[in-house]
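Note sheet for the following structure.
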Amino acid sequence: MKNKENNSIIIAMDIDDFITTMEIDSLREAGKLDPIHHRDELFIQLNFTHRGQKYDVENLLTPGCAEFLRFLFDQENVRPAFFSAGVQTRNLHLAEKIVKMLIETGGDPEWIKRYDVYSREDCFDTEMLRHFDDSQNLREKFQPKNFFGNYKKDLRMIYYGPETFKQMVEKMYEDPSILYPDPEKDDENLKNIILLEEDPSYLLKGQEKNLVLCPTYSNPYPYPINYQGEDLPDKAGERDYDRFKSGNTIFYAAGLMNRAFERLSSEDKTLPEILWEEQGPTWFDGDYERRYPLHFFTEGRKVLRKYNPDLNFVIPGEREKS
């Protein structure tokens, strides 16, 4: 694991629908880009080649994302990481562009040496288990109950390093038990590795405490604007707050991680233990009514405003009157 010696905390972040969105065409069609949430530097244009095909893709950082990344980089013992099941070529290019943008807009030039990128090629593909006669029993060892998906963002890959982990996966064909989840061993090895994710299907069994589940980002309809109040937007119903949460996923992550860092500095507990106490049971046990507590959004706004005093929640703009 990189920085294993100096005990760094690795905060691995999902990319699509968490720190970036590709819901850009509708924004441009509306012709109303918000001066806070749609600043020029937040649009990241990618030009890359994968398997001989050229791609031109535009990404937009989600509301508060640039400020959240600055917050993470400002933590001396934190090493941010980008972890997407997208292809490596895209992820490397995107991450580099994002970090360079942060540096060009006031960040520390040393940040370019202080992040990692993990991709589809680094995931544990449970499809390989179908080659074994007892494939269903093997799947149950790696797949949490009621959670699905083939690719797993196995955080042990970060601990061991991608190359060593790939070698361990290859050895599974001879001895599947080599990568069985081991609660006692894994808890110790992964105590400083956290995954911020909006899709729990990437979860590997036994790593529930290391997963911070955040709302899946979606642009507020018909177009997003910066909220002008200091309260929470009016609650017209639970469905409206679900929309509010999906538009402000980074605010939630910022509030929760700030609370966790504060507790970590004063309590004799690991980061996964603290995060599990703060939010684990509200998502893992399917308690949808308590999922994503609202106080973390307001706490997150306070954190992010240290980097941009004008920043506020994103809410829907008003429809044009006919």
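The values are calculated or read from the model by the stated rules, or taken from the named source; none is laboratory data. Because the structure is predicted, anything quoted here is derived from the model rather than measured. In this analysis, Cβ positions are derived from the backbone assuming ideal geometry, glycine residues included, and neighbour counts consider all displayed protein chains.
Side notes on the structure shown:
- In the stretch 77-162, counting only helices (runs of 4 or more DSSP H) that sit wholly within it, the ones holding 3 or more residues that are on the phi < 0 side of the Ramachandran plot and either free of Cβ contacts under 8 Å to residues at least 60 places away in the same chain or basic (Lys, Arg) (or both) span 88-104, 135-142.
Yes/no matrix, rows are residues, columns are (1) of a type in the set (Val, Ile, Thr); (2) farther than 21 Å from Gly255 by Cβ:
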residue: Leu46; (1), (2): no, yes
residue: Gly52; (1), (2): no, yes
residue: Arg70; (1), (2): no, no
residue: Phe73; (1), (2): no, no
residue: Asn77; (1), (2): no, no
residue: Arg90; (1), (2): no, yes
residue: Ile103; (1), (2): yes, yes
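- His37 meets the conditions (1) under 18 Å from the mean Cα position of the chain (by Cα); (2) outside any helix (DSSP H, G or I); (3) crowded, with 20+ Cβ neighbours inside 10 Å in every case but one. The failed one is (1).
- Of all residues in the stretch 183-232, those being charged (D, E, K, R) and within 13 Å of the chain's Cα centre (by Cα) number 3.
- Any chance Asn91 is of a type in the set (S, T, N, Q) and farther than 23 Å from Gln167 by Cα: no
- Output for the stretch 286-313, where each listed residue is in a loop (DSSP other than H, G, I, E, B) and either within 24 Å of Glu230 (Cα to Cα) or among the basic types (Lys, Arg) (or both): Arg291, Tyr292, Pro293, Arg305, Lys306, Tyr307, Asn308, Pro309, Asp310, Leu311, Asn312, Phe313
- Within the stretch 189-216, being under 21 Å from Arg290 (Cβ atoms), of a type outside the set (D, E, K, R) and in contact with a Cys (Cβ under 9 Å, 6 or more places away or on another chain) holds for one residue alone: Leu196.
- Filtering Ile225, Ile178, Ile250 for residues that are more than 30 Å from Gly317 (Cα to Cα) and hydrophobic (A, V, I, L, M, F, W, C) leaves a single hit, Ile178.
- Residue check for Arg70: modelled with pLDDT under 95 and assigned to a helix (DSSP H, G or I): no
- The condition of being out of contact with any Leu (no Cβ under 7 Å at 6 or more places or on another chain), surrounded by 15 or more Cβ atoms within 10 Å (Cβ to Cβ), farther than 16 Å from Thr62 by Cα and of a type in the set (Lys, Arg) does not hold for Arg290.
- Total residues in the stretch 63-121, condition among the acidic types (Asp, Glu) and under 20 Å from Asn308 (Cβ atoms): 4
- Exactly one residue among Phe43, Phe48 is over 22 Å from the mean Cα position of the chain (by Cα) and either within 23 Å of Tyr202 (Cβ to Cβ) or surrounded by 14 or more Cβ atoms within 10 Å (Cβ to Cβ) (or both), and that residue is Phe48.
- The residue of the stretch 9-34 that is surrounded by the fewest Cβ atoms within 10 Å (Cβ to Cβ), among those that are hydroxyl-bearing (Ser, Thr, Tyr) and modelled with pLDDT of 95 or more, is Thr21.
- The criterion of at least 1 residues that are aliphatic (A, V, I, L, M) and closer than 24 Å to Asp16 by Cβ is met, among helices (runs of 4 or more DSSP H) falling completely within the stretch 175-285, by 249-264, 271-284.
- Annotation: of all residues in the stretch 87-101 being of a type in the set (A, V, I, L, M, F, W, C) and surrounded by fewer than 21 Cβ atoms within 10 Å (Cβ to Cβ), the one that is farthest from Phe73 (Cα to Cα) is Val87.
- Those residues of the stretch 12-49 which are of a type in the set (Asp, Glu) and out of contact with any strand residue (DSSP E or B) (no Cβ under 7 Å at 6 or more places or on another chain), in sequence order: Asp16, Asp17, Glu23, Asp25, Glu29, Asp40, Glu41
- Tabulated pairs, the stretch 168-182, first farther than 14 Å from Met157 by Cα, second of a type outside the set (Phe, Trp, Tyr) and surrounded by fewer than 16 Cβ atoms within 10 Å (Cβ to Cβ), C-beta under 8 angstrom, 6+ apart or interchain: Lys171/Ile178; Met172/Ile178; Tyr173/His131
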